[in-house]
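Let me begin by presenting the structure, written as structure tokens, before commenting on it.
The values are calculated or read from the model by the stated rules, or taken from the named source; none is laboratory data. Computed from a prediction, not measured in an experiment: that's the story for all the values here. Positions of Cβ are generated from backbone atoms using ideal geometry, with glycine treated the same way; all protein chains shown enter the neighbour counts.
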Amino acid sequence: MEISMEPGLVTAETPQARIDPGAAIRALDRVQGMVGAKALAVLMRPGPGTCEPVARVLQGALAAAADRLGAPPGLCIVLGGEVGDGEPMTRVRRQAHGLATWITTETTRIRVELQVPTLRVLRGGHGSEEALR
């Protein structure tokens, strides 16, 4: 997973997700504009709306925002994302009698963007040394 950050924006992207692009688009549309923690709960909740690949990308973006920027998931907002064709995944399928064939699976690229509030750390009070005493 690739994570990139700009002021006020965290982007997470995975180039190889094994999911139908239509399902990923529906999942992103469902959580767009939600608070990050609630969006993650919606995507991970068991039932017809579950979309684990999109939830994993969102979880990576939320973790990066918390670790590197100190922004809790309750303050991050899902701005949206992008779904497109991913890198093909090639694997080996073993068969009987020592034979094998190559399997190529089409994948989906998923990108999620989070709006992160800019947090400022204040040291002392009102710029005076008396506040530190």
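What's the number of the condition Val57 fails, among (1) under 12 Å from the mean Cα position of the chain (by Cα); (2) not polar (S, T, N, Q); (3) not in a helix (DSSP H, G or I)?
Val57 satisfies every listed condition except (3).
Do you know which residues across the range 53-82 are surrounded by 14 or more Cβ atoms within 10 Å (Cβ to Cβ) and charged (D, E, K, R)?
Arg56, Glu82
Which of the residues that make up the range 34-52 are in contact (Cβ under 8 Å) with a residue 40 or more places away in the chain, surrounded by fewer than 24 Cβ atoms within 10 Å (Cβ to Cβ) and either assigned to a helix (DSSP H, G or I) or acidic (Asp, Glu) (or both)?
Listed by number, the list is empty, since nothing qualifies.
Quick check on this structure: which one of Met5, Met1 is more than 17 Å from Pro117 (Cα to Cα), surrounded by fewer than 17 Cβ atoms within 10 Å (Cβ to Cβ) and either modelled with pLDDT of 95 or more or aliphatic (A, V, I, L, M) (or both)?
The match here is Met1.
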